[in-house]
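In what follows, a single structure is set out as structure tokens and then discussed.
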Amino acid sequence: MSVLLECKNLSHRYGKKVALDDVSFQIESGKIIGLFGPNGSGKTTLIKQIVGLLQDEKQAIKIDGEPVGETTKAKVSYSPDRLAFKGDRKVSDLLDFYELMYDDFDRGHAEEALAGLGIDTGEYIGKMSKGTGEKTQIILVMSRKAKLYVLDEPFAGIDPVARETVIRIMLQNMPEDASLLLSTHHIQETEQILDKAIFIKEGKIVFQKSVEEMREESGRSLSEAYMEVFR
């Protein structure tokens with residue numbers, strides 16, 4: 001299986017503060033990876049490097065064999081940790097925007113998924129609850145036929161009952177050879193879909209292992225492993 005995302009010896013500072021410290025890992029095609037760590041551990045900084053929002057002068061990250069840049073940005077579908085849309089836009093406006101911007105956007109899937117969640121395409125983003133806005137953003141991002149999906153804390157405002165439905169809909173449109181990097185605090189709800197987990201603490205990767213391998217070796221759940229590392 002080919003390597004889709006490679007991060008090699010990546011470091012990043014904000015002034016004197018070290019945000020990432022010699023971070024290295026790989027993500028193969030067709031895998032779902034969980035990125036876990038407490039607030040301030042470096043998760044969002046790492047994600048911004050991957051999607052090209054922070055400059056990596058040493059080109060320590062490659063996506064599909066290429067350094068992060070305009071070519072790789074077209075292969076990545078990204079959901080930030082806050083709503084990226086203005087409140088005066090309707091959901092239908094966002095559908096139009098995605099259809100115009102991304103050749104790989106599957107509008108039919110997006111409309112079907114939104115309807116399945118009871119989201120009216122005539123509704124204004126500014127009048128939605130936080131959870132409904134997050135659901136809308138996830139659906140739009142996951143309705144592209146990208147190679148790499150990157151979601152940063154997508155479930156923060158979504159209630160536990162709805163999370164299962166959102167996760168199922170998320171995965172319906174993913175190409176088999178695409179990968180998903182998911183940063184979240186909701187370990188129990190996502191553990192069953194993960195192939196691999198990465199734990200990051202104070203800018204350093206302190207754990208990275210296949211979830212299945214971890215269970216076979218120790219019999220622990222991912223939640224138990226997390227508590228042991230970060231206690």
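What follows draws every value from the coordinates through simple rules; no lab data is involved. Remember, predicted model here, so these are calculated numbers, not experimental data. Virtual Cβ from ideal backbone geometry, glycine too; neighbours counted across all protein chains shown.
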Residue by residue through the range 91-108, the couplings from Karplus 6.51 cos²θ - 1.76 cosθ + 1.60 with θ = phi - 60°, in Hz, x for Gly and Pro, are 4, 4, 5, 5, 4, 4, 4, 4, 5, 6, 7, 10, 5, 8, 7, 9, 5, x
Placed amide H near ILE32: partners under 5 Å, 5+ positions off or other chain:
LEU180, ASP195, LYS196
Quick one: which residues, 5 or more positions from TYR78 or on another chain, have an amide H under 5 Å from its amide H? H modelled 1.01 Å from N in the peptide plane, none for Pro or chain starts.
VAL150
Working from Cα positions, state the angle (0 to 90°, nearest 10) between the long axis of helix 130-142 and the longest principal axis of the chain.
80
Using the Karplus equation 6.51 cos²θ - 1.76 cosθ + 1.60 (θ = phi - 60°), what ³J(HN,Hα) coupling, rounded to whole Hz, does each residue of the range 59-76 give in order, writing x for Gly and Pro?
6, 7, 10, 10, 10, 6, x, 10, x, 4, x, 4, 5, 6, 4, 6, 9, 10
Sorted from fewest to most neighbouring beta carbons within 10 Å, what does the list PHE155, PHE207, PHE230 look like?
PHE230, PHE207, PHE155
Cα centroid separation - the range 87-110 against the range 126-186, whole Å
15
Helix 160-172 axis, angle to the chain major axis (alpha carbon atoms, nearest 10°)
90
Add -39500 (n - 2.57) for each DSSP H run of 4 or more in the chain, then divide by its residues: what number comes out at 222 nm, to the nearest 500 deg cm²/dmol?
-10000 deg cm²/dmol
Beyond 31 Å between alpha-carbons counts as too far, so tell me which of LYS16/LYS127; LYS62/LYS204; LYS147/LYS209; LYS17/LYS127; LYS86/LYS196; LYS16/LYS86 fall in that bin.
LYS16/LYS127; LYS17/LYS127; LYS86/LYS196; LYS16/LYS86
For the range 141-180 the mean separation of alpha carbon contacts under 8 Å (6+ apart) over residue count, i.e. relative contact order in percent, is 69
Restricting to bridges with both residues inside the chain, how much of the DSSP beta-bridge set is antiparallel, in percent to the nearest 5?
55
